[in-house]
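Chemist: Please read through the structure below; I'll follow up with questions.
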């Protein structure tokens, strides 16, 4: 039962990624400022989790426990900057989604997540132990990467912007894969997933504030007034809070690659539905994209989401 619950939460996490990408992408487009959109997303998330923390003793205790772990050198201090990776991920996300649409962006980022997940699982960055790079796991990652090229085949027409957008989408996936691993390690010491969320949003907001100020000083960006709506374009922060809380706990048990593969189903189904019913202007669903999504799900099956070794480790 515990395994099924973790699998379900991993799939829901994938849906949250797709919803957040759509909300942040739309906000970025309306502001015409990706960095400002990312900053608003992180600021709203930090306000929400900080307000919860004021009335939640468990989150405060998690902060104290984490502080003691760092002072005792049980947890490297540099892992606390994982939230800055989240800031970088959202900054890229808000720039790319308006260009690619949620579904294509999701497939591209999944390729990056799969590749990096293999490495961080082998190193053991999650805090849940090292996991071997088996032929089956490598094949799952390769099938997923191949799916990226199929899904965007009709869009890679030689224009540098298209190629760059897809490349950045893959890179953003690598960033989030590394962040998941570090969050798993942080959560192992904090014993409180919302403490991990609080730390992530504080670090991410700091990173984005510095980046936005630098861009403003050198004249690359101008601040825009906040749009009046629709309301859902401001939901990226709260979705991020729940997402970080979910993933920081789940990856400790499943590992980053297995979590990524399970969450793919929810992410792709969610993103495809979004592009069907609330698409980014100019985005259309093509046979290439549908084929890419099917191939990506094949990668999930090849990876073996019901990995018996993972179940034994979980039940120990």
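Chemist: Based on this model, can you work out whether residue 225 counts as outside any helix (DSSP H, G or I) and modelled with pLDDT of 85 or more?
Modeler: Details: outside any helix (DSSP H, G or I): yes; modelled with pLDDT of 85 or more: yes.
Yes, satisfied.
Chemist: Could you tell me which of the residues 178, 212, 199, 226 is more than 12 Å from the chain's Cα centre (by Cα) and closer than 14 Å to residue 81 by Cα?
Modeler: Unique residue meeting the criteria: 199.
Chemist: Among the helices (runs of 4 or more DSSP H) contained in the stretch 256-316, which hold 3 or more residues that are at pLDDT 80 or above?
Modeler: Working: elements: 256-277, 287-303, 308-314.
Fully inside the stretch 256-316 and qualifying: 256-277, 287-303.
Chemist: Which of the residues belonging to the stretch 76-117 are more than 18 Å from residue 163 (Cα to Cα), more than 12 Å from the chain's Cα centre (by Cα) and surrounded by fewer than 22 Cβ atoms within 10 Å (Cβ to Cβ)?
Modeler: Listed by number, the residues that qualify are 76, 77, 78, 79, 80, 81, 84, 115.
Chemist: Here's a follow-up. For residues that are over 24 Å from residue 269 (Cβ atoms) and within 15 Å of the chain's Cα centre (by Cα), scanning just the stretch 7-44, find the one that is surrounded by the fewest Cβ atoms within 10 Å (Cβ to Cβ). I'd like the intermediate steps shown before the answer.
Modeler: Going residue by residue through the stretch 7-44, those that are over 24 Å from residue 269 (Cβ atoms) are 30-40, 42-44.
Filter once more, so that each one left must be within 15 Å of the chain's Cα centre (by Cα): 38, 42.
Working: 38: 30, 42: 28.
Once the filter is applied, the top-ranked residue is 42.
Chemist: Okay, moving on. Evaluate the following for residue 140: is it in a helix (DSSP H, G or I), under 20 Å from the mean Cα position of the chain (by Cα), at negative phi and at pLDDT below 80?
Modeler: Judged against the criteria, residue 140 is a match.
Chemist: Something else about it: Six or more apart or on different chains, Cβ atoms under 8 Å: show the pairs whose first residue is in the stretch 178-206 and outside any helix (DSSP H, G or I) and whose second is surrounded by fewer than 23 Cβ atoms within 10 Å (Cβ to Cβ).
Modeler: 191/65; 192/58; 192/59; 192/61; 192/65
The values are calculated or read from the model by the stated rules, or taken from the named source; none is laboratory data. Predicted model, so just to flag it, every value in this text is computed and none were measured. Cβ atoms come from the backbone with ideal geometry, glycine included; neighbour counts cover every protein chain shown.
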